[in-house]
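Here it is, the structure in full.
Bear in mind these aren't lab numbers, they're just calculated from the coordinates by the rules spelled out. Remember, it's a predicted structure, so these values are computed and weren't measured experimentally. No Cβ is skipped: glycine too gets one built from the backbone with ideal geometry, and neighbour counts run over all protein chains shown.
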Amino acid sequence: MFNEQFFAYRFGVDGMHDGKTLMTNADAVTAYIKDNINTYPEIRLTDMMDNLVLHIQDHVWLWPLQADGSMVKWNTVRQAWERYQAPAVPDTAVTPLTAPTPPGCCVSCKQVFSHLNVKTALGWKETKISGMCEVCWDKLFDDDGDDGEDPEDALLRNDANSQGM
Ligand SMILES: [Zn+2]
């Protein structure tokens with residue numbers, strides 16, 4: 001690993017470093033980390049081309065990753081590295097299960113309220129109260145296990161579809 005030299009930087013809570021320290025072997029790096037990690041929230045190691053080769057921030061070893069892909073964090077009390085689970089980053093591309101239901105959608109099935117899932121005036125009223133469509137609301141209180149569709153409803157839907165053509 002040490003066929004070249006590295007520079008170590010330590011960053012204070014103000015985000016500023018106080019100059020680079022030349023590292024010529026792995027022991028020097030280990031010692032540098034141990035000497036500074038309790039006091040400095042951020043430690044970086046760069047190669048001569050200024051490429052980041054090691055990065056510790058807020059006591060979390062960010063780079064390089066551990067051999068098994070996990071992350072470790074320095075426990076300043078125990079003075080030891082321990083496994084660290086990074087907090088989940090909100091991902092706008094994926095809707096988490098706990099995401100608020102957009103207005104006008106059923107909180108249960110997430111479908112937009114329409115004549116397909118709300119068929120009565122009482123049902124529309126219920127969407128305002130429970131946030132559920134009539135289908136889900138009915139299912140909630142329908143514990144005879146019969147999920148079959150009322151033939152009359154199917155007939156009405158067919159009518160609605162054919163009218164739209
Ligand atoms: Zn629903």
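Starting from region 2-82, pick out the chymotrypsin sites (Phe, Trp or Tyr not before Pro) whose DSSP state is loop and whose Cβ has at most 10 other Cβ atoms within 10 Å.
Values: sites: Phe2, Phe6, Phe7, Tyr9, Phe11, Tyr32, Trp61, Trp74, Trp81; in loops: Phe2.
When the chymotrypsin sites (Phe, Trp or Tyr not before Pro) of region 2-82 are filtered for loop state and at most 10 Cβ neighbours within 10 Å, nothing remains.
Turning to a different aspect of this structure: Taking the beta-carbon count within 10 Å as an exposure proxy, list Cys109, Cys136 from fewest neighbours to most.
Cys109, Cys136
Provide the FRET efficiency to the nearest 0.05 for the Arg78-Ile129 pair, computing r from the beta carbons and using R0 = 45 Å. The partial results should precede the final answer.
Values: r = 52 Å, r/R0 = 1.16.
After rounding to 0.05, the efficiency reads 0.30.
Follow-up. Can you tell me the convex hull volume per residue for region 6-84, based on C-alpha atoms, in Å³ to the nearest whole number? Mind dumping the intermediate values first?
Details: hull volume 7.3 nm³, N = 79.
Spelled out: Cα convex hull of region 6-84, divided by residues, is 93 Å³.
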